[in-house]
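Report on one structure; see the data block that follows.
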Amino acid sequence: MVACRRMRTGDLEVMNSSPDYDSANIFAKILRGEAPCYKVFEDERTFAFLDIMPQAEGHTLVIPKFGAADVFRLPSEDLAATIITTQRVAGAVKKAFAAPGVMIAQLNGSAAGQTVFHLHFHILPRFNGIDMRMHARGMADCETLAAHAERIKAVL
Ligand code: 5GP
């Protein structure tokens, strides 16, 4: 992974956060530019990047810049912005991968399977008869992720 040249966000700050938010999580680090990612979209309140352990080609994550662990802690303006970005990016993912279906998923709490405690929406292209891979298991290779990010950006 050291050889990967993933894009850094450029020292973005997490804009604000709920009182109990742990800013040491990996998505906060990505937002602050402390960890790399394959970015596909960004605006004032939201950020979208590829999942590094994709369950399908084009698996993309959309997050608010506001630091909130789950959907219950995110102010409504940021939640609205995040779902609007999710709709927009999901449309681009669908087009980029010529997917007949798109799954949008969002997990709250470890009992629901959440593993990173900064709210995020998963966008997964789906095809008839093709199962998703296991959640957060196999790491994708750098070249593939870079190419997929370019495909999505090209149709955004
Ligand atoms: P959750 O289980 O919280 O709904 O999803 C967290 C997602 O984050 C998983 O799909 C996992 O593959 C992804 N993920 C974990 N660590 C990283 C990372 O360092 N970079 C990126 N881009 N995705 C990550």
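The values are calculated or read from the model by the stated rules, or taken from the named source; none is laboratory data. Keep in mind that what you see is a predicted model, and the values were worked out from it rather than measured. Because the Cβ atoms are built from the backbone with ideal geometry, glycine has one as well, and the counts that use them run over all protein chains shown. With ligands, DNA and RNA removed, areas are computed over all heavy atoms of the protein, side chains included. Shrake-Rupley method; radii C 1.70, N 1.55, O 1.52, S 1.80 Å.
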Return the total of residues in the stretch 39-57 being under 14 Å from VAL93 (Cα atoms) and open to solvent by 60 Å² or more (accessible area, probe 1.4 Å). 1
Within the stretch 94-124, how many residues are part of a loop (DSSP other than H, G, I, E, B) and within 12 Å of the ligand (Cβ to nearest atom)? 12
Among the listed residues ARG133, ARG73, ARG32, identify the single one that is in contact (Cβ under 8 Å) with a residue 60 or more places away in the chain and farther than 19 Å from LYS153 by Cα. ARG133
Selected residue (only one of ASP78, ASP70, ASP51 is at pLDDT 95 or above, of a type in the set (Asp, Glu), within 16 Å of the chain's Cα centre (by Cα) and more than 11 Å from the ligand (Cβ to nearest atom)): ASP78
Among the residues in the stretch 60-81, are any part of a loop (DSSP other than H, G, I, E, B), open to solvent by less than 20 Å² (accessible area, probe 1.4 Å) and among the basic types (Lys, Arg)? yes
